[in-house]
Amino acid sequence: MSRIETVLKRLKGQGRKALIPYITAGDPHPDVTVDLMHTLVDAGADIIELGVPFSDPMADGPVIALACERSLKHGTSLRQVLKMVEAFRASDSETPVVLMGYLNPVEAMGYTAFADAAKAAGVDGVLTVDLPPEEAEDVAPLFSERGLDAIFLLAPTTTEERIRAISGHSSGYVYYVSFKGVTGAARIDVDDVAEKVSRIHSLTALPVGVGFGIRDAETAAAVGRVSDGVIVGSVLVDTIAKNQEDIEALKTALANLLRPMREALDELAS
Amino acid sequence: MTEEMLRSLPDSRGHFGAYGGRFVSETLMDSLMHLEKQYFQLRDDPEFQAQFDKELADYVGRPSPLYFAERLTRETGGAQIWLKREDLNHTGAHKVNNTIGQALLASFLGKKRVIAETGAGQHGVATATVCARLGLECHVFMGAEDVQRQSLNVYRMKLLGAEVHPVESGTRTLKDAMNDAMRDWVTNVDDTFYIIGTVAGPHPYPLLVRDFQAVIGRETRAQCLDKTGRLPDALVACVGGGSNAIGMFYPFLTDESVEMYGVEAGGLGLDSGQHAAPLSAGRPGVLHGNRTYLMEDENGQISGTHSVSAGLDYPGVGPEHSWLKDIGRAKYVAVTDDEALAGFRRLTRVEGIMPALESAHAVAYATKLAATMDKDKIVVINVSGRGDKDIHTIAKLDGIEV
């Protein structure tokens with residue numbers, strides 16, 4: 001059983017929901033990413049989505065696009081991101097790490113080299129925003145052979161037929177994008193999400209994480225009520241942008257954002 | 001390569017060999033599949049095709065002439081040089097062929113809002129024009145750098161009723177405009193049609209843009225046969241994304257005797273790293289929804305580009321060109337900014353035709369090529385657009401304030 005599966009199964013047994021924060025690796029500086037990952041775990045993260053910076057993040061809004069620019073200014077490469085995961089693993093062997101990004105840096109490194117290095121570094125899953133399952137024929141087997149979970153997106157526009165097909169290619173969890181738009185927009189409609197997620201649940205046994213538009217404990221709880229986990233990105237990355245000069249203040253600010261979400265999600269269990 | 005193979009691509013998944021495909025976030029997949037289905041129906045629909053042909057004839061002003069550049073030929077001293085005059089189209093470039101086609105598609109699909117990206121502004125102007133013609137709401141994304149370089153076209157778009165959105169992110173050029181257009185599309189996918197300006201992007205765009213632009217090559221073929229009694233020996237067209245080039249090449253793909261040259265922006269020289277020539281000096285990767293040759297660093301980050309021509313300043317290229325390069329059916333070369341500027345001045349002075357700086361790249365290479373060929377050979381240059389929009393750039397280089 002993969003580390004992701006183990007964690008999600010344990011949470012489900014406890015009646016709890018997964019809290020999945022996203023940060024961009026190398027933002028504001030490559031030296032602090034591992035430290036920030038531990039901060040997220042201390043504040044209640046169950047799984048970490050670690051963004052691989054890309055020069056052209058066309059599915060992301062300005063907050064994450066700027067984080068990519070900050071990170072790339074320091075020359076952060078995919079290889080370095082894998083080193084960060086390795087360093088994180090040295091003192092945390094439990095928390096799953098999902099790499100999230102775009103295909104081209106992976107292509108540039110080479111699929112096999114990437115799959116080997118990701119496994120060796122302690123990566124658990126890979127979510128490539130611009131890689132639908134139809135184009136993943138070459139890379140998906142490389143992941144599954146190494147026990148890396150392939151996580152794919154489902155969107156409000158995804159038909160039932162595609163939900164079935166995409167779920168069939170996925171492992172770990174599926175990531176439901178809560179609205180039509182880019183990351184960081186505030187357009188989430190919880191009733192709509194509830195309806196869509198229940199439809200997804202009826203079509204696949206995989207856990208469903210919901211991302212896009214979750215900014216505070218209240219939306220986290222509302223989405224957690226209908227899903228298996230909530231993914232929180234832009235609001236954290238925005239906090240990083242605002243506190244980039246003072247790392248201690250940044251860690252406090254991140255924890256202060258995440259902890260109320262943790263508590264709100266855990267209240268759902270009781 | 002069999003004839004059938006050359007013409008049959010892309011395959012059902014939008015692949016040209018290893019290139020093309022559909023690399024977009026899930027939100028857009030349904031829309032792309034719907035567009036593909038709808039386009040395949042309309043492609044064979046006589047009513048749609050008749051309407052498209054009528055627009056090309058009465059609104060665009062086609063057919064565009066095939067002109068024998070007698071003085072340029074004499075001065076060059078080699079093969080006969082002929083010009084396919086896409087600069088004479090309404091709005092001044094080949095771009096309008098495609099925007100008319102896609103705007104008709106948008107209307108058939110019932111979409112009222114159109115978005116587009118533009119570099120030099122030619123595609124933006126062509127899109128704003130057809131939106132005015134068909135009563136569609138129009139939004140054009142343009143890199144902030146290009147907004148400055150092409151202020152005249154920005155004003156034209158505004159006059160035509162379009163809203164121009166300057167893009168401040170990334171390198172503030174065409175690739176960033178395309179990123180922002182895709183962001184808008186993801187957000188407004190229900191009511192918005194994205195008119196992509198070149199033969200790149202996710203399937204079916206490279207296919208449908210090629211189909212709309214292939215009128216260039218069809219006309220050239222018939223006109224050359226009519227005027228000279230035979231096919232040309234070489235075709236030369238500039239390649240940014242590559243839509244005018246593929247439009248010219250496609251109807252000749254199975255004519256083995258016809259050589260094809262795509263001319264990329266060599267900028268300050270391929271060795272300088274300051275260029276926009278992915279086929280000449282790049283490698284395959286994935287950007288903007290397709291796999292194709294790209295300019296990127298060793299980590300897969302897309303490189304900044306440079307060209308004197310904003311319209312060629314793009315780090316990628318249409319996937320069909322990548323495939324034609326690999327199988328050797330077309331040759332891809334690069335000329336520098338200086339060579340292109342010399343080409344611009346030469347055609348202007350010798351023939352009284354002021355080409356777009358994009359097209360000037362093709363002129364520069366074609367004259368070099370023609371000089372090496374016998375006098376009985378025929379070279380056709382695709383003059384993809386007119387140079388009015390580039391007057392400010394040229395004047396600035398001459399130290400003149402216009």
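Picking from residues in the range A:144-164 that are facing another protein chain (nearest Cβ under 10 Å) and assigned to a loop (DSSP other than H, G, I, E, B), the one that is surrounded by the most Cβ atoms within 10 Å (Cβ to Cβ) is A:Phe152. Tell me, yes or no, whether the range B:265-282 has at least one residue that is within 14 Å of chain A (Cβ to nearest Cβ), under 16 Å from B:Leu174 (Cβ atoms) and open to solvent by 10 Å² or more (accessible area, probe 1.4 Å). Among the residues of the range B:265-282, at least one is within 14 Å of chain A (Cβ to nearest Cβ), under 16 Å from B:Leu174 (Cβ atoms) and open to solvent by 10 Å² or more (accessible area, probe 1.4 Å), which makes the answer yes. Please determine whether any residue of the range A:85-107 is of a type in the set (Val, Ile, Thr), open to solvent by 10 Å² or more (accessible area, probe 1.4 Å), free of Cβ contacts under 8 Å to residues at least 60 places away in the same chain and within 12 Å of another protein chain (Cβ to nearest Cβ). Scanning the range A:85-107, I find at least one residue that is of a type in the set (Val, Ile, Thr), open to solvent by 10 Å² or more (accessible area, probe 1.4 Å), free of Cβ contacts under 8 Å to residues at least 60 places away in the same chain and within 12 Å of another protein chain (Cβ to nearest Cβ), so the answer is yes. Please indicate, with yes or no, whether at least one residue in the range B:204-217 is buried (at least 19 other Cβ atoms within 10 Å of the Cβ), within 19 Å of B:Ile378 (Cβ to Cβ), more than 13 Å from the chain's Cα centre (by Cα) and more than 14 Å from chain A (Cβ to nearest Cβ). Yes; the residues of the range B:204-217 include at least one that is buried (at least 19 other Cβ atoms within 10 Å of the Cβ), within 19 Å of B:Ile378 (Cβ to Cβ), more than 13 Å from the chain's Cα centre (by Cα) and more than 14 Å from chain A (Cβ to nearest Cβ).
Across the range A:113-128, the qualifying residues are those that are in contact (Cβ under 8 Å) with a residue 60 or more places away in the chain and part of a strand (DSSP E or B), and the one among them that is nearest to the other protein chains (Cβ to nearest Cβ) is A:Leu127. For B:Tyr19, the test of being within 14 Å of another protein chain (Cβ to nearest Cβ) and under 30 Å from B:Gly343 (Cβ atoms) is passed.
Yes/no per residue for (1) open to solvent by less than 30 Å² (accessible area, probe 1.4 Å); (2) not β-branched (Val, Ile, Thr):
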position	(1), (2)
A:Gly168	no, yes
A:Tyr176	yes, yes
A:Lys180	no, yes
A:Thr183	yes, no
A:Asp216	no, yes
A:Ala220	yes, yes
A:Gly233	yes, yes
A:Arg259	no, yes
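Restricting the range B:1-14 to residues that are within 14 Å of chain A (Cβ to nearest Cβ), touching a residue at least 12 places away in the same chain (Cβ under 8 Å) and not small (Gly, Ala, Ser), the residue that is surrounded by the fewest Cβ atoms within 10 Å (Cβ to Cβ) is B:Arg13.
For the subset of the range A:65-84 comprising residues that are assigned to a helix (DSSP H, G or I) and of a type in the set (Gly, Ala, Ser), which member is surrounded by the fewest Cβ atoms within 10 Å (Cβ to Cβ)?
Filtering the range A:65-84 down to residues assigned to a helix (DSSP H, G or I) leaves A:65-73, A:78-84.
When the remaining residues are screened for being of a type in the set (Gly, Ala, Ser), the result is A:65, A:67, A:71.
Details: A:Ala65: 27, A:Ala67: 29, A:Ser71: 25.
By that ranking, first place goes to A:Ser71.
Selection of the range A:129-143 for residues being open to solvent by less than 20 Å² (accessible area, probe 1.4 Å) and either at the interface with another protein chain (Cβ under 9 Å from one of its Cβ atoms) or in a strand (DSSP E or B) (or both) yields A:Val129, A:Asp130, A:Leu131, A:Pro132. Among residues of the range B:323-335 that are more than 14 Å from B:Arg283 (Cα to Cα), those with a beta-carbon under 8 Å from a residue that is part of a loop (DSSP other than H, G, I, E, B) and open to solvent by 50 Å² or more (accessible area, probe 1.4 Å) at least six positions away or on a different chain give the pairs B:Ile327/B:Met1; B:Arg329/B:Met1. Whenever a residue of the range B:178-190 is facing chain A (nearest Cβ under 8 Å), its partners that are open to solvent by less than 10 Å² (accessible area, probe 1.4 Å) and in a helix (DSSP H, G or I), lying with C-beta atoms within less than 8 angstrom and at least six residues away or across chains, give the pairs B:Met182/B:Leu28; B:Val186/B:Thr27; B:Val186/B:Leu28; B:Val189/B:Thr27; B:Val189/B:Leu28. Listed by first and then second residue, the pairs linking a residue in the range A:33-60 that is under 19 Å from B:Thr171 (Cα atoms) and within 14 Å of another protein chain (Cβ to nearest Cβ) to a residue that is open to solvent by less than 10 Å² (accessible area, probe 1.4 Å) and among the polar types (S, T, N, Q), with Cβ atoms under 7 Å apart and 6 or more places separating them unless they lie on different chains, are A:Pro53/A:Thr24; A:Pro53/A:Ser71; A:Pro53/A:Thr76; A:Phe54/A:Asn104; A:Asp56/B:Asn179; A:Met58/B:Asn179.
The values are calculated or read from the model by the stated rules, or taken from the named source; none is laboratory data. Just so you know, these numbers come straight off a predicted model, no measurement behind them. Don't worry about glycine lacking a Cβ; one is built from the backbone with ideal geometry, like all the others, and counts go over all protein chains shown. Accessible surface areas use protein heavy atoms only, side chains included; no ligands, DNA or RNA. Shrake-Rupley method; radii C 1.70, N 1.55, O 1.52, S 1.80 Å.
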